[in-house]
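Presented below is the structure to which this report refers.
What follows draws every value from the coordinates through simple rules; no lab data is involved. Because the structure is a prediction, the values reported are computed rather than measured. Using ideal geometry, Cβ is built from the backbone for each residue, glycine included, and neighbour counts are taken over all protein chains shown.
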Amino acid sequence: MSYIEGFIVPVPEANKDAYRKSAADAAPIFKEFGVGRHIEAWDSDVPEGKVTDFRKAVNAKPNEKVVFSWFEYPDKATRDAANEKMRSDERMKEFGANMPFDGKRMIFGGFEPIVEEGSERGDYTDGFVVPVPEAKTEAYRELASKMAKVFRQHGATRVVEALSDDVPRGEVTDFYRAAKAEEGEKVVFSFIEWPDKATRDEGWKTIMEDESLKPEGDMPFSGQRMFWGGFEPIFDTAKTKEPAEA
């Protein structure tokens, strides 16, 4: 079973290129540690929410954008071993001392996939963070599985829904605080990959206009505290060519 390490990062807009370069420079080390895929996606169509949203999640400043990012591992054991190496590797300490963003407001955590549909990587990503009562996890999985097939029918290349497994509490912010999670709730880190933004926009328009997809009864999560947005990948190891050997 795969394993996801999810991140939300506030980055000064002026540091976009520096952030991309930092990700590219660190990627070979992450791969060495066991990361199968590493993607960084830049704030593109991120709405402001009344209760929660991506910007509130990381206390973003007016001059900052939000990055939705994740690592994919083959399993949790590989991820745990990688984290141990990252904490002790001198190269990572150097990266940590020169980050082009405020690391204290970055949030992260480990998530176990409960829905995975499709395998093809996309060039546009919808990201979601959802608070789900633990008692309704199975109901949520069933709904998410049904909707994943709908998204795929309307052009999405891949859908992943991952449930909080090893998500730390932060001093400034964290995934629980970001979604205003209540006692007994888990957090879902989810993403939908699309071939491009135009396909995503048209897919969502068609889905939202389809009366047969309107929810019936109570939803197995708090819609008011769920937040989402569209992100444009600026670095993706799945689309980065390996350097040619000498």
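What number, in nm² with one decimal, is the all-direction average of the projected area of the convex hull of the alpha-carbon atoms of the range 42-109? Show your work: numbers first, answer last.
Details: hull surface 24.5 nm².
For the range 42-109, averaging the hull's shadow over all directions gives 6.1 nm².
With each run of n ≥ 4 DSSP H residues scored as -39500 (n - 2.57), what mean residue ellipticity at 222 nm is computed for the chain after dividing by its residue count and rounding to the nearest 500 deg cm²/dmol?
Working: 7 runs with 77 residues, N = 246.
After summing the helix terms and dividing by residue count, I get -9500 deg cm²/dmol.
What order, most packed first, do the peptides 37-46, 86-95, 206-215 have when packing is the mean number of other Cβ atoms within 10 Å of each residue? Let's see the in-between values first.
Details: 37-46: 20.6, 86-95: 12.2, 206-215: 9.5.
With the highest mean Cβ count within 10 Å placed first, the list reads 37-46, 86-95, 206-215.
Report, in whole Å, the centroid distance computed from the Cα atoms of the range 170-246 and the range 20-74.
Each part reduced to its Cα centre gives a spacing of 12 Å.
Give the angle, between 0 and 90 degrees and rounded to the nearest 10, that separates the Cα long axis of helix 76-88 from the longest principal axis of the Cα atoms of the chain.
40 degrees
Defining a contact as two alpha carbons under 8 Å apart and six or more residues distant in sequence, what relative contact order in percent does the range 3-234 show? Each step should come with its number before you reach the end.
On the way: 477 pairs, mean separation 71.3, N = 232.
That works out to 31 percent.
Just order 224-236, 64-76 by mean Cβ neighbour count inside 10 Å, highest at the front, would you?
Values: 224-236: 19.6, 64-76: 21.2.
Sorting 224-236, 64-76 by mean packing, highest first, produces 64-76, 224-236.
Dipole magnitude of the range 3-234 about its Cα centre, charges +1 at Lys/Arg Cβ and -1 at Asp/Glu Cβ only, in debye to the nearest 20?
Values: 34 positive and 46 negative charges, 99 e Å.
That gives a dipole near 480 debye.
What would the Debye equation give as log₁₀ I(q)/I(0) for the range 1-82 at q = 0.13, 0.23 Å⁻¹, counting only Cα atoms as equal point scatterers?
One equal scatterer on each Cα of the range 1-82 leads to -0.48, -1.05.
Given that compact globular proteins tend to follow 2.2 N^0.38 Å, what is the ratio of the alpha-carbon Rg of the range 91-154 to that value? Spell out each step's value before the answer.
Working: Rg = 16.9 Å, N = 64, 2.2 N^0.38 = 10.7 Å.
In units of the 2.2 N^0.38 Å rule of thumb, it is 1.58.
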